[in-house]
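Presented below is the structure to which this report refers.
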Amino acid sequence: MRREVPLIFTDMFVEKLKPTKSRYEKREVNAHGNGVLALRVSPNGHKAWQYLYTLDGRDRRMTLGDYPAMTLQAARVAKNAAELARQLGRDPGAVIVDAREAERRAPTVAALAALYLEQHARGKKDGGARDGKILDRDVLPVFGAHKAEAIERRDVRDLLKRIVDRGAPIQANRTLAVVRKMFNWGISEDLVPTNPCIGIKPPGKETQCDRVLSETELRSVLAVLPNALGMAPASRLALQFQLVTAQRCGEALSLRWDELDLAAGWWTIPAAKAKNGKSHRVPLSPQALDLLARARALNPDRSVVFPSHLGDQPMVETAVGRALARNLAQFSVAAFTPHDLRRTAASHMTGMKVPRLVVSKILNHAEQGVTAVYDRHSYDSEKREALEMWGKRLVELGWVVK
């Protein structure tokens with residue numbers, strides 16, 4: 001009687017197994033332990049790797065994966081891992097079930113982003129609006145459906161490269177910062193095990209902003225801006241308003257009528273909008289009040305002063321910045337941005353002998369110490385005097401409201 005040779009799987013043997021009318025199974029001999037690697041072949045030709053073992057006196061089996069998606073080598077690795085779990089007293093089948101359930105529950109990047117924005121970023125000054133825009137524009141379209149824990153450093157690098165390649169290296173920096181914050185928060189909440197941004201440097205070179213328009217440049221800008229072609233009236237008025245008040249672009253663009261006391265000549269920026277988280281009173285010069293009257297005439301039924309084309313919504317910084325960039329040629333000056341107007345106003349006021357402390361109060365720079373608590377409204381008259389001086393200087397340089 002011929003003795004059957006113990007079966008050892010080979011790639012060729014597994015590949016050549018053919019289906020029959022009934023399902024059958026081939027088992028590999030195992031000289032160590034009680035676990036056996038098997039291959040089940042179905043009548044339709046489907047092949048599945050099985051691990052056969054005994055635990056607590058009961059015969060059990062678990063599916064490791066389908067062939068050829070799982071190769072013979074991968075099946076052996078999976079079988080050895082299951083055997084190790086069994087030797088440690090754990091049920092390999094339960095381990096696999098638990099792992100698959102954990103994978104099912106693991107959040108996608110889209111789910112992680114939603115949780116991050118709702119539970120963390122919403123409590124920030126802008127309510128997470130900036131982070132949300134960055135995630136919606138560049139991150140979620142690429143990573144949204146992927147498991148967050150599956151994102152690797154090379155994936156983040158590829159994402160940043162796409163942003164740099166479209167000519168936005170600084171935006172790539174901002175995207176990296178948001179993704180890094182999101183994953184760090186996810187780690188703190190036990191939602192992800194690691195941060196794929198570790199070791200990645202910002203791809204864009206940041207330069208310190210120091211652009212200040214000279215008086216000659218201001219004359220040119222003031223002559224053209226009121227009637228600048230290719231720019232919406234609200235954009236032109238918003239840029240003039242930022243220049244005359246020396247406030248931040250985002251704070252000026254989000255201005256609402258209920259923040260203004262036109263009779264007394266004050267604009268109160270709410271703490272939720274202010275960069276340092278403290279409310280800020282801005283005196284309104286005659287030039288600023290003229291601009292507001294013009295804005296009211298343009299859009300009498302809006303709650304925001306400088307509405308976008310979407311209706312009763314404020315314009316966004318990027319839209320105004322792009323509008324200015326598209327139409328720079330008609331100003332006949334070197335390139336500048338909306339943010340440069342605030343710096344220009346501050347620099348010229350200092351040049352007009354306005355004390356630096358007063359200018360700092362106008363700019364609402366963050367203060368430290370006890371004086372920050374007791375001094376918040378003690379410079380109202382000095383701020384008003386300085387901004388009225390600045391308004392008069394702009395008139396001398398050709399200020400016109402149209």
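The values are calculated or read from the model by the stated rules, or taken from the named source; none is laboratory data. Predicted model, so just to flag it, every value in this text is computed and none were measured. Neighbour counts run over all protein chains shown; Cβ positions are idealised from the backbone, glycine included.
Just one of ARG342, ARG294 is over 22 Å from GLY230 (Cβ atoms) and assigned to a helix (DSSP H, G or I); which is it? Exactly one of ARG342, ARG294 is over 22 Å from GLY230 (Cβ atoms) and assigned to a helix (DSSP H, G or I), namely ARG342. A residue that is in a helix (DSSP H, G or I), touching a residue at least 40 places away in the same chain (Cβ under 8 Å) and among the β-branched types (Val, Ile, Thr) cannot be found anywhere in the stretch 140-152. The single condition among (1) touching a Phe, Trp or Tyr at 6+ places or on another chain (Cβ under 7 Å); (2) closer than 21 Å to LEU239 by Cβ that VAL358 does not satisfy is (2). The test for being in contact with a helix residue (DSSP H, G or I) (Cβ under 8 Å, 6 or more places away or on another chain), without any contact (Cβ under 8 Å) to a residue 24 or more places away in the chain and either hydrophobic (A, V, I, L, M, F, W, C) or in a helix (DSSP H, G or I) (or both) does not hold for VAL164. When the residues of the stretch 30-53 are narrowed to those that are at pLDDT below 90 and in contact with a strand residue (DSSP E or B) (Cβ under 7 Å, 6 or more places away or on another chain), which ends up surrounded by the most Cβ atoms within 10 Å (Cβ to Cβ)? Looking at residues that are at pLDDT below 90 and in contact with a strand residue (DSSP E or B) (Cβ under 7 Å, 6 or more places away or on another chain), I get TYR51.
A quick yes/no check of all residues on (1) over 21 Å from LYS278 (Cβ atoms); (2) over 28 Å from the mean Cα position of the chain (by Cα); (3) modelled with pLDDT of 90 or more:
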{"site": "ALA323", "(1), (2), (3)": "yes, no, no"}
{"site": "ARG326", "(1), (2), (3)": "yes, no, no"}
{"site": "ILE362", "(1), (2), (3)": "no, yes, yes"}
{"site": "VAL373", "(1), (2), (3)": "no, yes, no"}
{"site": "SER381", "(1), (2), (3)": "no, yes, yes"}
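Of the helices (runs of 4 or more DSSP H) lying entirely inside the stretch 176-272, those containing at least 2 residues that are under 29 Å from the mean Cα position of the chain (by Cα) span 233-245, 249-253.
Of the residues examined, ALA386 is one that is modelled with pLDDT of 95 or more, surrounded by 15 or more Cβ atoms within 10 Å (Cβ to Cβ) and part of a helix (DSSP H, G or I).
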